[in-house]
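**Student:** One structure coming up, written as structure tokens, with questions to follow.
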Amino acid sequence: MRNAPFFAIVFVLSVFGQTADNLTFEVASVKRTPPPEPNARVFFGPPRGGPGTPDPGQITWSNAALRNILMTAYDVQTYQVTAPDWMNTERYDIVAKIPEGATKAQVNVMWQNLLKERFGMVLHHESKDFQVDELTVAKGGSKLKETELPPDAQSFTPSGGPPKLDKNGFPEMNGSGAIVMISLNAASTSPNARMVGKGLPSAEIASRLAGLLRRPVIDKTGLTGKYDFTLEYTPDMSGIPLPPPPPGLAGPVSSGPAGVASDPPTSIPSAVEKQLGLKLTSTKGKLDVIVVDRAEKVPTEN
């Protein structure tokens, strides 16, 4: 009876007594994503599983751009990464086994070490001046709707395939979070994008907007609830990690409903003010930036 607690303590130390340099996934399968079939819709999003999810012992990430993996590993936004263009388009399928009881912060370090070991990634940090946006409530008042989700709603968990769409073409979400759908159509003069959010506080909305604008957004709305919203805008496609078209197909691949050729371009700040009743105001600030010096397109074998 006395020995049982002793062995339990030894087990915990064997998992978490590791330094950042050797904190790794138990097993990780990393493969290049096959090209999509012609005329196929391509969906990509965050990893599934990990700490705080129903499957804390495994992470599955399909169709992941290396840039997005880097952003997850270091908990930064896309505007804080300077990397080769191919890191936006090369795609990978990853399945990783996580040590029992690992935290999100520890899993981030595991991602960092996976990038070093499997992709030979070398990087350094720099400080850079940025345009920073402050998010406030517009003169006409907020147009955000109080969420319909229950107070104990879990975070939205992607299914790993194309999301189910409602009659209006919006993705059906089973929890709080946000999905961005980009429509690329040969008949359109410009792409269209739609962000659907559910159960998000204003600070998280600011964070989502920062990802779209590729610069920091500071929440100064003073709003205290959780909100559902839809934002339709014209995306800036430069630097967006879309997969390449299928073999033999010249145009881009649609990742959402078909666009409308006559739709005029709508900037994100304009859409935020008109559709959400919030305002973006620019200022200046310094941020840490990750610069990728070297990385391999083909990962080492599993």
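**Student:** Are there strands (runs of 3 or more DSSP E) fully within region 46-160 with at least 1 residues that are over 29 Å from K297 (Cβ atoms), in contact with a strand residue (DSSP E or B) (Cβ under 7 Å, 6 or more places away or on another chain) and touching a residue at least 24 places away in the same chain (Cβ under 8 Å)? List them.
**Tutor:** Details: elements: 58-65, 91-97, 122-137.
Passing ranges, in order: 122-137.
**Student:** Restricting attention to region 53-77, report how many residues are surrounded by fewer than 21 Cβ atoms within 10 Å (Cβ to Cβ) and farther than 16 Å from M110 by Cα.
**Tutor:** Of the residues in that region, 6 qualify.
**Student:** Report those strands (runs of 3 or more DSSP E) wholly inside region 161-224 carrying at least 2 residues which are closer than 20 Å to P150 by Cα, modelled with pLDDT of 85 or more and of a type outside the set (F, W, Y).
**Tutor:** 192-201
**Student:** So, in region 265-300, exactly how many residues are in contact with a helix residue (DSSP H, G or I) (Cβ under 9 Å, 6 or more places away or on another chain) and acidic (D, E)?
**Tutor:** Final tally of qualifying residues: 2.
The values are calculated or read from the model by the stated rules, or taken from the named source; none is laboratory data. Values in this document were obtained by computation on a predicted structure and should not be read as measured data. For neighbour counting, all protein chains shown are included, and Cβ atoms are generated from backbone atoms with ideal geometry for every residue, glycine included.
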